[in-house]
Amino acid sequence: MALTALMVAATAAVPMMVQPATAGQVAPPPLVLSPNLTEPWVLQLQPRAATRNTQRVQRQRVQPQRAQPVNWWSRQRQPVQQRPAPQTRTRQVAPQFLPTIVTYDGKHKPGTIVIDTNARYLYLVQSDGTARRYGVGVGKPGFEWAGSHKVTRKAEWPDWRPPAAMRKRRPDLPVFMAGGPDNPLGARALYLGSTLYRIHGSNQPWTIGHAVSSGCIRMRNEDVIDLYERVGVGTTVHVI
């Protein structure tokens, strides 16, 4: 009944708003109330439809970002910021100490190993006027040495027996350590004459190019394996 009365009142009010036509003019057509204008009142009389529309709107709402207090003593809150995962840094050999081929015009014959301890390079002289150059780690201050020797023995994944003098300086060192990836002598070793010195690999590649050893010449494992395959027992080694 309320809806019918509303429609009748709206229809009755329309003619009063129309201005009468003057002489020589055509009267405008009467206004007709569209049934669509009743939809807002119809929706109010249909609670189920209104509930469905409200539920649709709620499903489209964006969930607010979780918040946390700015400080433990403050009630003010701010969005949680995701912290980036920490990056793992890996220490590697400096680029200038990676293996390369260089021109060689020195006096040593092909097949000879020359180690420049000041420049931190090992050269394997070749027969075509070049040399294979590798970066090395050398003896730290107080453990430098120079001289000429021959390779008297070669070993793959050598065992390590620290000398008594070294164990006296470093009581934490073991008497014996089997060869393997954790062994300080690395993947290969070339023993020099009757000395305690060796050209050997290292599981600490970032030390290449530095004076860090107790006199031995250390190389990257990849590089000492390459050198190991190119030289044999009896090879002359000059340390300068």
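The local environment of Val239, defined by Cβ-Cβ distances under 14 Å, has a net charge of +2 under the rule Lys, Arg +1 and Asp, Glu -1.
Taking a straight Cα-Cα cut-off under 22 Å and skipping sequence neighbours fewer than 8 places away in the same chain, the lysines within cross-link reach of Lys168 are Lys140. Summary of packing: across the peptides 209-217, 173-181, 91-99, 129-137, the per-residue average of other C-beta atoms within 10 Å ranks them, highest first, as 129-137, 209-217, 91-99, 173-181.
3J(HN,Hα) couplings calculated from phi for the stretch 197-211 with the Karplus curve 6.51 cos²θ - 1.76 cosθ + 1.60 (θ = phi - 60°) are, in sequence order, 8, 9, 9, 9, x, 8, 9, 10, x, 5, 7, 5, x, 10, 8 Hz; Gly and Pro show x.
The protection proxy used here, the mean number of other Cβ atoms lying within 10 Å of each residue, ranks peptides 116-125, 141-150 as follows, highest first: 116-125, 141-150. Highest-first packing order for the peptide set 188-200, 221-233 is 188-200, 221-233, based on the mean count of other beta carbon atoms within 10 Å.
Since every read-out is calculated from the coordinates, none of them should be taken as a lab result. Because the structure is a prediction, the values reported are computed rather than measured. Glycine also receives a Cβ, built like all others from the backbone with ideal geometry; neighbour counts cover every protein chain displayed.
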